[in-house]
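Here's the structure, in structure tokens; my notes come after.
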Amino acid sequence: NQHGAWETIQRAHAVANGCYVAAVNRIGLERPVGGDGLEFWGQSFVAGTSGQILAKASTNQEEILLVPVDLGQVDVTRTHWPFLRDRRIDAYGDLTRRFRD
């Protein structure tokens, strides 16, 4: 389902960047005039620096999630799983050009 993919992608962002991610989604049905409408799934969540779900809201009621985070964990995660350290910045040059020569 699309919601599962959305959650997986947001958790992957937390892992790739070694940071906390707060992913927000509303609930309810929005039905414009003359349209079928769009249903929102809710389930907003906060993911930790390794992608783990720290808190998750429900599918059927408005909620406020207050999630304590340890900002020191960002440094620990980035030190022990250093995605950003291993970047090949020297290979980025072509990203700034419209066409590669």
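The values are calculated or read from the model by the stated rules, or taken from the named source; none is laboratory data. Note that the structure is predicted; figures quoted are calculated from it, not measured. Neighbour counts are summed over all protein chains in view; Cβ atoms, including those assigned to glycine, are modelled from backbone coordinates with ideal geometry. Areas reflect the complete protein model, heavy atoms only, side chains present, ligands, DNA and RNA absent. Shrake-Rupley method; radii C 1.70, N 1.55, O 1.52, S 1.80 Å.
Computed from label points 7 Å out along Cα-Cβ, the spacing between ARG97 and LEU65 is 4.3 nm. Less than 5 angstrom separates the built amide H of LEU54 from those of VAL46, ALA47, GLY48, all sequence-distant by 5 or more or on a different chain. Answer with one residue from GLY35, THR96, GLN73: the one whose Cα lies farthest towards the positive end of the charge dipole of the chain, charges on Cβ with Lys, Arg +1 and Asp, Glu -1. Looking along the dipole axis, the top candidate is THR96. Would you work out the relative contact order for the chain, in percent, from Cα pairs under 8 angstrom that are 6 or more residues apart? Once normalised by length, the contact order is 23 percent. A simple charge model with +1 on the Cβ of Lys and Arg, -1 on the Cβ of Asp and Glu and nothing else charged puts the dipole of the chain at about 380 debye relative to its Cα centre. With a 1.4 Å probe rolled over the protein heavy atoms of all chains, the accessible area of PHE45, PHE99, PHE40, PHE83 falls in the order PHE99, PHE83, PHE40, PHE45, largest first.
Relative contact order for region 41-95: what is it in percent, counting Cα pairs under 8 Å that are at least 6 residues apart?
For region 41-95, the relative contact order is 24 percent.
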